[in-house]
Amino acid sequence: MPNDTPRPSFDLVISIINYRTAEMTLTCVQSVLDDFAQHAQGQHDRDLSAHVVVVDNGSGDDSADVIADWIASQPSGVPVTLVRSETNSGFSGGHNQGLTAFPAEFYLVLNSDAILRPGFCQSILAAAYAAPQIGLFAPRLEYEDGTQQVSCFRIPTPASEMIRAAATGPVTRLLKSYDVPLSMPPAEEQIGWASFACILLRGEMIRRIGLMDEGYFLYFEDTEYCLRAKRGGWGIRYVPEARAVHYRGGSAPVKSLAKERKRLPAYYYASRTRLFYQAHGRAGLIAANLLWHAGRGIAFIRKLVGKPVPTANASEARDIWINASKPLGSSHAPGR
């Protein structure tokens, strides 16, 4: 029998994915609740009705139970709901469950390996209420010591793939206007996309352009969503007054593999293929791959002047072609 009880509506819903990181997730949740409490104690133009949705993304361990037990141990009415996903649907699929759990004016997509600094909600919501034409609000992401992280970027292009593969100063300087990372703080008109480790989304925008693309398992889904939003007429604004710590210690192995120049998972390259196809078409995807190879050729020329050749990730020359014949094919990671 269907449940006709209307769902409560909120000013703000925070979506957090848990994947086998219960302790880290609860630290993140507590930082959000602490900021709610601080907001309630302050002098503000409006009260804040807010709720946290934790989506356990098919962890398959006891972490969902740990989180459920923690919620049960809290005072009655704690604004936290646990959603148990039967499968691991990736970043997009997990957050889409969080974004549809309750109606809200704004949604904060938040990594479990992040915490909010005090005053976060007040600062980012003030910016959002003041700019109704803006759909996405990117806070200042920083390391635990307060050092700023690069969190705003240009959309990747074939030229940026040459920059990445060559990893050579003259090439980077020549093609500087295509380099993906932006200097922080960025000029608003240059922001093509911002990190979804922590970002505020306007509910009206989501209703107009749709949810996140579940064809991405992990990586590049934030780039695609920002691209779609901008194509739909929604701007992206950087809000440095709102600060969050991003530890970069979540459940995905890609960053550690990339640092060691080991082979990256197939889903990473499948997502890359999907993004280049959606952003630049089939010709742009092929051009990106060919310019990556050209960039590697430039990198090897460094030997002629006695300089070391920057190392690419293992098997990358082959892996960038994953899904090239079917760019919108699956990017999911079997058995993850």
Restricted to segment 215-232 and to residues being more than 10 Å from the chain's Cα centre (by Cα) and not in a helix (DSSP H, G or I), the residue surrounded by the fewest Cβ atoms within 10 Å (Cβ to Cβ) is Gly232
State whether one or more residues within segment 31-45 are open to solvent by less than 70 Å² (accessible area, probe 1.4 Å), touching a Leu at 6+ places or on another chain (Cβ under 7 Å) and not in a helix (DSSP H, G or I).
-> no
Per the filter on segment 145-162, residues closer than 18 Å to Val239 by Cβ and surrounded by 18 or more Cβ atoms within 10 Å (Cβ to Cβ) are Ser151, Cys152, Phe153
Within segment 217-248, the residues that are modelled with pLDDT of 95 or more, closer than 25 Å to Ser331 by Cα and of a type in the set (Phe, Trp, Tyr) are Phe220, Tyr225
Listed by first then second residue, the pairs whose first member lies in segment 62-90 and is free of Cβ contacts under 8 Å to residues at least 24 places away in the same chain, whose partner is surrounded by fewer than 17 Cβ atoms within 10 Å (Cβ to Cβ) and charged (D, E, K, R), with beta carbons under 9 Å and at least 6 positions apart or on separate chains, are Ala68/Arg84
Scanning segment 71-111 residue by residue, the ones that are under 16 Å from Ile17 (Cα atoms), open to solvent by 20 Å² or more (accessible area, probe 1.4 Å) and not in a loop (DSSP other than H, G, I, E, B) total 7
* Asked: Does Met212 qualify as being touching a helix residue (DSSP H, G or I) at 6+ places or on another chain (Cβ under 7 Å) and not β-branched (Val, Ile, Thr)?
  -> yes
When segment 205-258 is checked residue by residue, the ones that are of a type in the set (Lys, Arg) and closer than 26 Å to Pro185 by Cβ are Arg228, Lys230, Arg231, Arg237, Arg243, Arg248, Lys255
_of a type outside the set (Asp, Glu) and either open to solvent by 50 Å² or more (accessible area, probe 1.4 Å) or in contact with a Cys (Cβ under 7 Å, 6 or more places away or on another chain) (or both): is that true of Tyr238 in this structure?_
yes
Within segment 129-144, of all residues that are of a type in the set (Gly, Ala, Ser) and over 20 Å from Ile115 (Cα atoms), the one surrounded by the fewest Cβ atoms within 10 Å (Cβ to Cβ) is Ala130
Does Val83 qualify as being in contact with a His (Cβ under 9 Å, 6 or more places away or on another chain) and under 30 Å from Ser330 (Cβ atoms)? no
Within segment 218-265, residues of a type in the set (Phe, Trp, Tyr) and either free of Cβ contacts under 8 Å to residues at least 24 places away in the same chain or at positive phi (or both) come out as Tyr219, Phe220
Selection from segment 163-178 of residues crowded, with 19+ Cβ neighbours inside 10 Å and either aromatic (Phe, Trp, Tyr) or in contact with a His (Cβ under 9 Å, 6 or more places away or on another chain) (or both) yields Ala165
key: Hey, Pro181 open to solvent by 20 Å² or more (accessible area, probe 1.4 Å) and at pLDDT 95 or above or not   = yes
Among helices (runs of 4 or more DSSP H) entirely within segment 112-191, at least 2 residues that are under 30 Å from Phe10 (Cβ atoms) and touching a residue at least 24 places away in the same chain (Cβ under 8 Å) occur in 120-130
For segment 190-208, does any single residue satisfy the condition of being among the aromatic types (Phe, Trp, Tyr), closer than 28 Å to Gly98 by Cα and over 15 Å from the mean Cα position of the chain (by Cα)? no
Flagged in segment 272-317 as open to solvent by 20 Å² or more (accessible area, probe 1.4 Å), among the charged types (D, E, K, R) and at pLDDT 95 or above, in numbering order, are Arg274, Arg282, Arg296
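The values are calculated or read from the model by the stated rules, or taken from the named source; none is laboratory data. Remember, it's a predicted structure, so these values are computed and weren't measured experimentally. So basically every Cβ, Gly included, is an ideal-geometry build from the backbone, and we count neighbours across all protein chains shown. The accessibility values were calculated without ligands, DNA or RNA, using every heavy atom of the protein model including side chains. Shrake-Rupley method; radii C 1.70, N 1.55, O 1.52, S 1.80 Å.
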